[in-house]
1. When the chain is modelled as a GNM with alpha-carbon springs shorter than 10 Å, which of 273, 188, 240 fluctuates the most?
2. Beyond 31 Å, what percent of the Cα pairs of the chain remain?
3. Compute from the Cα atoms of region 67-213 the Rg and the Dmax, the latter being the longest Cα-Cα distance, and quote both in angstrom.
4. Return one whole number: the accessible area per residue of the chain in Å², for a 1.4 Å probe.
5. Leaving out ligands, DNA and RNA, and with a 1.4 Å probe, what % of the accessible surface on region 176-273 is carbon or sulfur?
6. Can you give the charge dipole size of the chain about its Cα centre, rounded to the nearest 20 debye, using +1 on the beta carbon of Lys and Arg and -1 on the beta carbon of Asp and Glu?
7. By how many degrees, between 0 and 90 and to the nearest 10, does the Cα long axis of helix 215-228 differ from the longest principal axis of the chain?
8. Under 14 Å from a point placed 7 Å out from the Cα of residue 273 along the Cα-to-Cβ direction: which residues of region 220-245 have their backbone N that close?
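The values are calculated or read from the model by the stated rules, or taken from the named source; none is laboratory data. Every value quoted in this text rests on a predicted model; they were computed, and no experiment measured them. Ideal geometry is used to build each Cβ from the backbone, glycine not excepted, and the neighbour counts take in all protein chains shown. Surface accessibility is based on the protein's heavy atoms, side chains included, excluding ligands, DNA and RNA. Shrake-Rupley method; radii C 1.70, N 1.55, O 1.52, S 1.80 Å.
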Amino acid sequence: HDLAGFARTSLTAAIPILSSMGIQATPLPTAILSTQTVGYDDFTLLDLTDDMVRILDHWERLGLRFDGVYSGFMASTAQMDSAARCIRNCLAPGGLAVVDPVLGDDGKLIPTMTPDMVEKMRWLISCADIITPNITEVALLLDEPFTPRISPEEIKGRLRRLSAMGPQTVVATSVPLLEGGRDPGRNASVIAYERNEDRFWRIDCAYIPAHYPGTGDTFSSVLTGSLIQGDSLSIALDRAVQFVTLGIRATFGQGLPSREGILLERILGSLFAPVSACKCRLMDGDGCHTPAAPFEG
């Protein structure tokens, strides 16, 4: 991940979240930025492509092995080679490889991304066990048109096609489901697909009229930490959605610029609490959702 000096994204979100969940976070920075990129036009970016190679050289000499390798923002295509190398050489047997394919949002690429980066990311996700694209990144990775509304059957087909590229599990965020011809408005869902079970999970997210950068990083960090702790995918999805929702609610109405991200510091303590309500549901064959089996806390 990158390290943005100001605002709560990437490493400044991932490290406190994973640490609060009792997991040692070992950063391999891809870049150092003055701020995060959304809402800032004059940010500085120091590309650490060459340094990543030297860091990995040292880690390999030390024989370091990690329970998880989790990647996010990349500053160059060469950095994806280093991310794959870290998965290949530094992941412990039975460890978890998570790739958050940070490429775009709202139907377009983010400012630092290029078509070459998209093409290389299609290769990197083949190295992962789990990927966490938003609905824009789903379309970019598949080289298919972005649609602001999508039917349950269409998103299920897209997630199956993404999983066929390598990852066993695909978790898509910010999915605006169109059901029964009804416009979902601003509501969105998280849809997850497990290839081994050919199974889909769904969580519907309450709409709050605000947009904060870094919520994708926050979601993926909580999901990764939860899975490394031993939670099932459905519990991990619930935990991640509830944490992000709480963060947005804690920040909304405070009068702060949205580009500064959510007030992460105020809600980290909630990661110690059990999941308060299980909203994750199995999706059946026609796209409707049915209650999942009872969960243990």
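1. Largest GNM mean-square fluctuation: 273.
2. So the portion of pairs separated by more than 31 Å is 23 percent.
3. 15.3, 48
4. About 45 Å² of surface per residue is accessible.
5. 48 percent
6. Here the size comes out at about 440 debye.
7. So the helix axis and the longest Cα principal axis differ by about 90 degrees.
8. Within reach of a label on residue 273, which here means backbone N under 14 Å from a point 7 Å along Cα→Cβ, region 220-245 contributes 239-245.
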